[in-house]
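See structure below.
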Ligand code: TXA
Ligand code: MG
């Protein structure tokens, strides 16, 4: 099987993208699988490579705020404030789309998700290109998102030409997705920018990340970000008791559990930013650990803890 090359050659990446090909790119959140957002045929290749259902729209990545008005038809004042406060960074804005964005990117919706990623290599790539990049997370649909170039190679290596290696993603959970309804800010996905941070810009916030099995944003599917091994969330001591005799891999915030078969500590000092950065990598290792069951600690839902808890819940969900 042909394996994708991993490297740091921006000119090569640029050439592949210009020719309608796919390149995996590092961002501060997770790795993305990118293509020319203005070329419907190139974008179709993303859906094919990921086995992604065509009703799941893609985020468009732009190099700077100057390009926003080119791809969004209307930009509310609140959106400008959020760009000023959080871009480049892990925040995606849902805005009414300009017709230059092909329908395949937005799955026929009249809004488009846009963000400026805060990774120097991808910023350099975006500034070289004459088009924005449509990019979902670079994982097979429904599986854990990749936070290193090797994660991408392991899962999609035979389906993409080139993987730009920008090291380990520093944020580790996907961008927060927000939309606008009148004066209200709607949070559609919890992510790297916290609710508390958004509250510093506006008080009128509604969190609408409720799960659904018929979503218009499948990041909100009940079962998502899921390991193959069954995962349970709860009190670790109790779950260790209840499942005595099984090979148990534990994912905990900061405590170590020597009784477990394997124990993955997200942040020994209990820091949520470190925990988020380690979350998907450790979920992946726990999945590959040979355990019968993964048990994960309940994370308190403040700051980045909300996004971490959200991802663990979706990983635990079984249809
Ligand atoms: O951090 C991130 O956002 C990463 C990096 C690569 O930028 N990207 C990412 O993309 O997480 P993806 O496709 O895995 O998740 C994007 C989510 C999907 O759940 C999709 O349904 C939703 O965003 N989305 C995109 N455009 C949308 C739109 N116009 N309306 C509603 N939801 C949208
Ligand atoms: Mg994804």
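Things to note:
- Most fluctuating residue given options 258, 140, 53, as computed from a GNM of the chain linking Cα atoms under 10 Å: 258
- Calculated FRET efficiency, residue 235 to residue 261, Cβ-Cβ distance, R0 = 22 Å: about 0.80 to the nearest 0.05.
- Proxy reagent accessibility, fewest Cβ within 10 Å first, across 104, 193: 104, 193
- Only alpha carbons enter this Debye calculation for the range 82-137, each as an equal point scatterer, and the log10 of I(q)/I(0) it gives at q = 0.13, 0.19, 0.21, 0.26 Å⁻¹ is -0.36, -0.77, -0.92, -1.19.
- Across the range 1-30, the residues whose backbone nitrogen lies under 20 Å from the label position 7 Å along the beta-carbon direction of residue 154 are 1-7, 24-30.
- Relative to the dominant Cα principal axis of the chain, helix 272-287 is inclined by about 70°.
- Cα-only Debye scattering, the range 1-109: base-10 log of I(q)/I(0) at q = 0.13, 0.21 Å⁻¹: -0.55, -1.32
- Comparing 32, 166, 270 in a Gaussian network model of the chain, where Cα atoms under 10 Å apart are tied by springs, the biggest mean-square fluctuation is seen for 270.
- Angle in degrees between helix 77-86 and the longest Cα principal axis of the chain, rounded to the nearest 10: 60 degrees
- Comparing 204, 122, 176 in a Gaussian network model of the chain where C-alpha atoms under 10 Å apart are linked, the largest mean-square fluctuation is found at 204.
- Kirkwood Rh in Å, taken over all unlike Cα pairs in the chain: 19.9 Å
- Residues 22, 293 arranged by fewest to most Cβ contacts within 10 Å: 293, 22
- Per-peptide average of other Cβ atoms within 10 Å, ordering 282-289, 225-232, 241-248 highest first: 282-289, 225-232, 241-248
- Per-pair calculated FRET efficiency, R0 = 35 Å: residue 19 and residue 200 via Cβ, rounded to 0.05: 0.20
- Mean projection area, nm², convex hull over Cα of the range 236-295: 3.6 nm²
- Centroid-to-centroid, using Cα positions, the range 298-319 and the range 48-98 are 25 Å apart.
- Using just its DSSP H runs of length 4 or more, each adding -39500 (n - 2.57), the chain gives a mean residue ellipticity at 222 nm of -8500 deg cm²/dmol after division by all residues.
- Label-point separation, residue 124 to residue 67 (7 Å along Cα→Cβ), nm: 1.7 nm
- Kirkwood Rh in Å, taken over all unlike Cα pairs in the range 41-194: 16.1 Å
Each reported figure results from applying straightforward, stated rules to the coordinates on display, with no laboratory input. Because the structure is predicted, anything quoted here is derived from the model rather than measured. Counting neighbours? That spans all protein chains shown, and the Cβs are built from the backbone with ideal geometry, glycine included.
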